[in-house]
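Okay, so here's the structure we're looking at.
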Amino acid sequence: MFEFIFKRNGESAGVAPAATETAAGAAAAASAERREQQTRQAAALAGDEAAAVALILQSEFAGVRLQAAEHVRSLPLLEQVLQAMRNTDRRVAKLMQSRLDAIRYHEAEQRKAAVCLELAARMLADEKLTPNQVAELDRQWSITTADAAQAISFASQRMALDARLQAQVQLQRQMIDALAALRQLPASMDDKAAAQAALDQYAAQFERCQQDAEHATLPKHLLTDFAAALNQTRAALAAGQAALAAKAAPAPAQQQAATAVADSAGADAARLNGATSDDVEAGGAAASGPNSSEDALVNASAGAAAGTMPAKAAPAGRAAKPAAPDPQFLSTLDALEQALEQGLLHAAAEHDKWLKEHKARLAPAVTERLNHLRAELKRLSDWARWSGNVSREELVKVVEELPALGLAMSELAKKVGSMRERWKALDAVSGHAPRSLWERFDRACTTAYAPAAAHFKQLADERHANAAKAQALIEETRAMAQAAAEGVDLKNVAAAGQRLRQMWSRLGAMERKEKRKLEQAFDKALGQMLAPLTQQRKIEVTRREQLIQEAEQLQPTERHALDLLKRLQERWQEQAKALPLERKAEQALWQRFRAACDAVYSKRKEVAHAADHERKAHLHAREALCAQLETATFSGDDKAQLAAIAALLRETASAWQHAGTVPRAAEARISQRYQAAQAQVQAQADAIRRRSGAAQAHALRDKLRLCQALEGQLVPASAANGAATADEWQARWVAIPKLGGEYEKALSGRYNAALALLGSDAANYLAQLEANRQRLLDEVLRLEIVAGVDSGAEFARERLKMQVEVLQSSLKSGQKPQSATAAYLQLCAMPALADDRTVSRIEALFRRIGGGER
């Protein structure tokens, strides 16, 4: 009843998917064409960055954008593409970001290398180059990545620095060796001329070392020791030459020289051994005897050479003659004269003080010279005293102006201290100042220093207050240590320990000795408080180590690896919240745990990338299958084309199933493309089948008509009207195409049976044909009922009766009804006479149903 409704729905449903599939195929083809065109553009870029950026910004295909991004290298274009693709294409943005990071890192390394080169240039220009500076330069260069030009420049500068360091080492080595040889020179003075030549050579070497380009790097004590050794050796040689000259002189002169030398030596020995000048004079007066001059000369030379041996006393009973003064005395006298000439009164006073402390018997000329120098010293001292008072007035004026300058307290204290030191220096040079002037200076210093004194007193009070706070903090720490021993939440103990450390660090300055004691007490109390926490932290460290080991033992390829890793991370967070460790230990353990987690993630990422590449390969394989279906062409007859189409569909379906998974984003698209291509090929097969079916239907109709016409000719009435011969019938049969399947066999049997009776007595066959007339009508009616074909108004009663019988027989037997193909074969094979109405009904059945089955 409602068949027309289903028919229309089926027809519309069949048209809409076909249109959708056609539109989807067209869109896919256009998209593929655009992709191919843009891919060719990306392949032809050849380093054109502007064209690459334009292609990236306008392309809708991620693969094309990534291929074009490979050609972008400059900094501004990288930033432009990164800004545009940050939220659009993650792979392109990541590539741009990595290249930007590489460029910025290279620029930073070049700046670091430039700083190292500048530092090396400054070190080359500095006259005091030290090895630790070069070592620090090497350390900075070792952590710097420089280009070839910078590396070459640094290598040349580094070679120059090595040359300077080598020159410094050689210069110091020369000075040390020369100093050692110079100190051994007095012990080997047999040849005085050679010794003097060696001394002059060492002195010249000392002068060359002082003029060397690296003389500023020599240690100060080395220069001082060398100069002192030169003076000592020179004095020893001079004493030895004086002794030899006295020995070679006539007896009176020899005796006088020996006496002078003995007196000088005795004075030196007495000075070294703590004796007074009167003892020296007594020793000199006691020297007598015929060999006293020779003994004194020998003792004097020996004492001058050794520097520590006292002069040998002359035999008693002889009066001692004036001896030559000590060479050091004469050198000091010369230094006094030079200091007076240069106006160095302080140095001159020091030399005069030494001369007064080291009294000796002097020749009249030396005495007169000494008195003249002392008179000049007194005159200059008087002038210095007058100028010193003027300088003191200036000092007082400067000190009185200090409060108005508003200096910082530390600078003010240094300034007042320096003024007092200068006052003392003036006392040493210019003598003592008048009392009134000193009191004025002292009042000015006290007034100027008063704010600093108050400030320092305040600092001292603060230090005492800080010490009291520290003591209170120590008591609090001890109380908390006792509470922690009784049992307290260790997390609170850790927080309290950190808080106490911060409070201790903020206490401020204290007295140095007191601070040391308080720090020791605080550390002891804090250690007692944190002892349980330290023990528990060791346990927590062990637990964290166990978590790290579990994370390291995870297999990234396992299915539940990420879930296990997340649970480990949750456990780590729980333990970290329950009891925090020390910052350094926590950081170190966290870095290890994070490295283990990152290793799992990176491994899974690698696996995902590999799977992604594999899915892309599968996608390419499926695209190739789609292209093969879309471009497939077939040749030959209909049967060969249908076989080729079936083989192609079967092969592509098998290859499609074995191609594997594709990226999820492309899965729907490639499936639609495959279905469209498959439908296209299937449509060709259906068209071929419809064409073949139509040809078979026409052949079946023609052969059935031929059989009916041949059977009709067997009727006598029809034979009288110009019957055809058997050859003619056979020619007409052969002209009709051969049918397929059972239809050809059924119709051939019917045709051959009728053709065999042509021209003979066919009464029995005619009776059979007549008898089958009603049977044919019933069979046609039954097939019309089954096929749903209208039988006409004249057959309505018989149709209703037949429907009831068909239903009852099917219900009673319970058997499967006969197929339409078998019914049609039976109808074709049944020899029966049929009128034109019956023939038209049979042809209608074949058009409606028979053609569809074929």
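Values for this structure:
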| read-out | value |
| --- | --- |
| Residue count, segment 772-791 (criterion: within 27 Å of LEU710 (Cβ to Cβ) and without any contact (Cβ under 8 Å) to a residue 12 or more places away in the chain) | 1 |
| Any hit, segment 648-657, residues being in a loop (DSSP other than H, G, I, E, B) and either surrounded by 15 or more Cβ atoms within 10 Å (Cβ to Cβ) or in the same structural domain as GLN535 (by TED's automatic domain parsing) (or both) | no |
| Residue within segment 371-394 that is modelled with pLDDT of 85 or more and of a type in the set (Val, Ile, Thr) present | no |
| Segment 96-153: number of residues that are surrounded by 16 or more Cβ atoms within 10 Å (Cβ to Cβ) and of a type in the set (Val, Ile, Thr) | 2 |
| Scan of segment 748-795 for residues that are farther than 28 Å from ASP727 by Cα and not in a helix (DSSP H, G or I), ordered by number | GLY788, VAL789, ASP790, SER791, GLY792 |
| Matching entry among ALA754, ALA724, ALA746 (being in contact with a Leu (Cβ under 6 Å, 6 or more places away or on another chain), surrounded by 12 or more Cβ atoms within 10 Å (Cβ to Cβ) and farther than 27 Å from GLU798 by Cβ) | ALA754 |
| Residue that is nearest to the chain's Cα centre (by Cα), among those in segment 38-84 that are among the basic types (Lys, Arg) and surrounded by fewer than 21 Cβ atoms within 10 Å (Cβ to Cβ) | ARG73 |
| Test: GLU11 is farther than 20 Å from CYS626 by Cβ and modelled with pLDDT under 85 | yes |
| Count of residues meeting criterion [within 29 Å of LEU490 (Cα to Cα) and exposed (fewer than 15 other Cβ atoms within 10 Å of the Cβ)] in segment 544-563 | 3 |
| Matching residues in segment 578-595 - criterion: being part of a helix (DSSP H, G or I) and more than 17 Å from the chain's Cα centre (by Cα) | ALA578, ARG583, LYS584, ALA585, GLU586, GLN587, ALA588, LEU589, TRP590, PHE593 |
| Hits in segment 373-425 (condition: among the small types (Gly, Ala, Ser) and closer than 27 Å to GLN338 by Cβ) | ALA375, SER381, ALA384, SER387, GLY388, SER391, ALA425 |
| Residues (part of a helix (DSSP H, G or I), of a type outside the set (S, T, N, Q) and touching a residue at least 12 places away in the same chain (Cβ under 8 Å)) located in segment 659-686 | ALA666, ARG669, ILE670, ARG673, TYR674, ALA676, ALA677, ALA679, VAL681, ALA685 |
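Residue by residue, here is whether (1) within 60 Å of the chain's Cα centre (by Cα); (2) aromatic (Phe, Trp, Tyr); (3) farther than 30 Å from CYS626 by Cα holds:
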residue: ALA668; (1), (2), (3): yes, no, no
residue: ARG689; (1), (2), (3): no, no, no
residue: ASP702; (1), (2), (3): no, no, yes
residue: LEU706; (1), (2), (3): no, no, yes
residue: GLN713; (1), (2), (3): no, no, yes
residue: GLU728; (1), (2), (3): no, no, yes
residue: TRP733; (1), (2), (3): no, yes, yes
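For every residue, the table says whether it meets (1) surrounded by fewer than 13 Cβ atoms within 10 Å (Cβ to Cβ); (2) among the hydrophobic types (A, V, I, L, M, F, W, C); (3) touching a Phe, Trp or Tyr at 6+ places or on another chain (Cβ under 8 Å).
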{"site": "GLN170", "(1), (2), (3)": "yes, no, no"}
{"site": "ARG183", "(1), (2), (3)": "no, no, no"}
{"site": "GLN196", "(1), (2), (3)": "no, no, no"}
{"site": "PHE206", "(1), (2), (3)": "no, yes, yes"}
{"site": "GLN211", "(1), (2), (3)": "yes, no, no"}
{"site": "LYS220", "(1), (2), (3)": "yes, no, no"}
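The values are calculated or read from the model by the stated rules, or taken from the named source; none is laboratory data. Since this is a predicted model, take the numbers as computed values, not measurements. Positions of Cβ are backbone-derived with ideal geometry, glycine not excepted, and every protein chain shown enters the neighbour counts.
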